[in-house]
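Written below as structure tokens is the structure these notes are about.
The values are calculated or read from the model by the stated rules, or taken from the named source; none is laboratory data. Remember, predicted model here, so these are calculated numbers, not experimental data. Note: ideal-geometry Cβ built from the backbone for every residue, glycine included; neighbour counts use all protein chains shown.
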Amino acid sequence: MMLENNIRVFTSINKSMNILVLTPDRVGSTLLQRVLTVHMTGSKRNEVTHPVINVHEITNGLAYYHSNVFNQMVLGEGNRDDESQTLGDIVSQLDKVNHSIIGRLAHYHIVRRDDPKHQQLNLYKYINDNFFIIGCRRNSVFEHALSWGIQSSSKKLNVYNHKDKIEIYADLYKNKISIPPKGFINYLNAYKKYIEWSDTHFNVNQYFVYEEHMPSIDKFVDNLDCFNNVEVAKWHDMFGMSWTDWNKCHRLLSDLGGMTHDIKLLEHSDDVEPLSIRNLVKQLPVSEQKFIAKHGDQYYKSSKSIEKLVDEKILVSGIPIKLQTLVEKRMIVENFNECAILYNEWATDNGFDIIKNSDEIINQAKAELEYWYENIPKNLLLGNKF
């Protein structure tokens with residue numbers, strides 16, 4: 001049964017406000033948490049009595065500690081390897097907080113923990129009563145499942161620096177993967193169960209749809225209902241560049257898919273140096289190289305400011321880097337077309353929108369590439385058919 005919506009509205013940035021993001025993962029929930037925290041921290045930069053802390057996944061464990069930055073006790077991320085905290089313990093920790101918390105609750109963590117039902121319901125009630133809740137969604141459930149399939153090979157949910165992305169993902173561009181059909185269907189079923197779970201147990205105040213809101217996530221944050229009559233710090237005012245330009249730099253510096261490269265650049269031998277950020281950028285289209293040259297210094301300075309928030313434990317980690325576009329997923333996943341057929345069969349049986357034809361995928365992929373590139377790299381140019 002769908003719960004009635006109970007919107008929590010905050011009219012002053014000086015008051016504590018708690019925001020929780022519901023997620024099945026692979027929907028931009030980590031990105032949203034980090035960006036929200038940066039905006040709220042920028043709005044409260046002179047506040048020491050009501051700090052903003054991003055605790056990430058609340059069921060991974062929470063811990064109180066004394067913050068030298070704020071000179072008070074604050075709640076932060078606990079020991080992820082310690083699963084001794086019950087959901088009741090987590091509610092008790094949350095209930096002691098006298099500052100703003102931004103966190104997430106992932107459905108698959110709830111499934112994995114398998115806590116007693118009454119503890120789950122008590123947690124959900126506490127969240128509904130004390131948090132502004134954002135529900136994450138994907139328009140393309142097909143691409144959502146592809147992302148999980150790639151994660152099963154990379155073993156990484158997110159990367160936060162360019163060196164890691166290059167080292168972790170270069171091999172996938174050299175050696176394609178196949179997503180097992182059974183696993184692909186499991187990812188789709190997990191997304192459906194997440195929707196049912198979030199609709200049943202939570203008063204979702206606003207929805208974050210990755211395809212619609214990620215490109216202008218700063219506007220999404222600014223327009224959240226919880227910030228009614230509150231002026232939230234703008235990305236450009238904080239960092240001297242727009243979110244779009246910042247995020248484009250964030251991606252281009254480790255853009256494996258956009259390289260106009262010889263495959264040898266992805267191979268390391270006595271004759272070939274390991275791929276670095278510098279020689280990767282040299283392989284991007286000239287227009288993108290000029291973009292980095294224009295905005296790189298400001299991006300670097302602002303990234304250092306965000307790293308400071310990590311050092312101060314305001315953020316659990318930095319802002320994740322966009323991993324692969326839809327075209328790159330097609331480059332990596334050998335049985336891409338098989339997955340599309342499997343998705344349509346599943347969607348027909350489960351009441352989700354089907355992929356009508358190849359043009360639908362091509363148009364989606366083209367629109368995404370036009371967001372990231374001034375001139376789309378030749379190796380990413382689309383044919384007439386997927």
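Yes/no per residue for (1) outside any helix (DSSP H, G or I); (2) surrounded by fewer than 20 Cβ atoms within 10 Å (Cβ to Cβ); (3) modelled with pLDDT under 95; (4) touching a strand residue (DSSP E or B) at 6+ places or on another chain (Cβ under 8 Å):
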residue: Thr244; (1), (2), (3), (4): no, yes, no, no
residue: Asn279; (1), (2), (3), (4): no, yes, yes, no
residue: Phe291; (1), (2), (3), (4): no, yes, no, no
residue: Asp297; (1), (2), (3), (4): no, yes, no, no
residue: Tyr300; (1), (2), (3), (4): no, yes, no, no
residue: Ile314; (1), (2), (3), (4): yes, no, no, yes
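When region 39-66 is limited to residues that are surrounded by 19 or more Cβ atoms within 10 Å (Cβ to Cβ) and hydroxyl-bearing (Ser, Thr, Tyr), the one that is modelled with the highest pLDDT turns out to be Thr59.
What are the residues in region 162-184 that are in a loop (DSSP other than H, G, I, E, B), at pLDDT 95 or above and surrounded by fewer than 17 Cβ atoms within 10 Å (Cβ to Cβ), if any? Correct list: Ser178, Pro180. Could you go through region 24-33 and let me know if any residue there is in contact (Cβ under 8 Å) with a residue 60 or more places away in the chain, aliphatic (A, V, I, L, M), touching a helix residue (DSSP H, G or I) at 6+ places or on another chain (Cβ under 6 Å) and under 27 Å from His144 (Cβ atoms). Yes, region 24-33 has at least one match. Does region 355-370 contain at least one residue that is of a type in the set (Lys, Arg) and under 23 Å from Ile166 (Cα atoms)? Taking every residue of region 355-370 in turn, none turns out to be of a type in the set (Lys, Arg) and under 23 Å from Ile166 (Cα atoms).
Are any residues in region 274-333 of a type in the set (Asp, Glu) and either in contact (Cβ under 8 Å) with a residue 40 or more places away in the chain or within 21 Å of Ile53 (Cα to Cα) (or both), and if so, which ones? Within region 274-333, Glu288, Glu307, Asp311, Glu312, Glu328 meet the criteria. When the strands (runs of 3 or more DSSP E) confined to region 15-128 are screened for residues that are touching a strand residue (DSSP E or B) at 6+ places or on another chain (Cβ under 9 Å) and under 24 Å from Ile195 (Cα atoms), those reaching at least 1 such residues are found at 19-23, 52-57, 100-106. In the set (1) in contact (Cβ under 8 Å) with a residue 60 or more places away in the chain; (2) surrounded by fewer than 14 Cβ atoms within 10 Å (Cβ to Cβ), Asn223 fails one condition alone, (1).
Taken as a whole, the condition of being closer than 30 Å to Gln72 by Cα and buried (at least 17 other Cβ atoms within 10 Å of the Cβ) does not apply to Ile332.
Please determine whether any residue of region 335-345 is at pLDDT below 95 and among the hydrophobic types (A, V, I, L, M, F, W, C). Scanning region 335-345 turns up no residue that is at pLDDT below 95 and among the hydrophobic types (A, V, I, L, M, F, W, C).
Scanning region 147-161 for residues that are outside any loop (DSSP other than H, G, I, E, B) and in contact (Cβ under 8 Å) with a residue 40 or more places away in the chain turns up Ser147, Trp148, Gly149, Ile150, Gln151.
Between Leu123, Leu87, the distinction of being touching a helix residue (DSSP H, G or I) at 6+ places or on another chain (Cβ under 9 Å), more than 30 Å from Met214 (Cβ to Cβ) and crowded, with 21+ Cβ neighbours inside 10 Å belongs to Leu87 only. Figure legend. Inter-residue proximity from region 344-359: first residues over 23 Å from Leu382 (Cα atoms), second residues not β-branched (Val, Ile, Thr), beta-carbon distance below 6 Å, spacing 6+ or different chains. Indicated pairs: Trp346/Leu188; Asn350/Lys192.
Total residues in region 198-220 satisfying the condition of being over 15 Å from Asn139 (Cα atoms), under 20 Å from the mean Cα position of the chain (by Cα) and in a helix (DSSP H, G or I): the figure is 5. A single member of His109, His144 is in contact (Cβ under 8 Å) with a residue 12 or more places away in the chain, of a type outside the set (S, T, N, Q) and touching an Asp or Glu at 6+ places or on another chain (Cβ under 8 Å), and it is His109.
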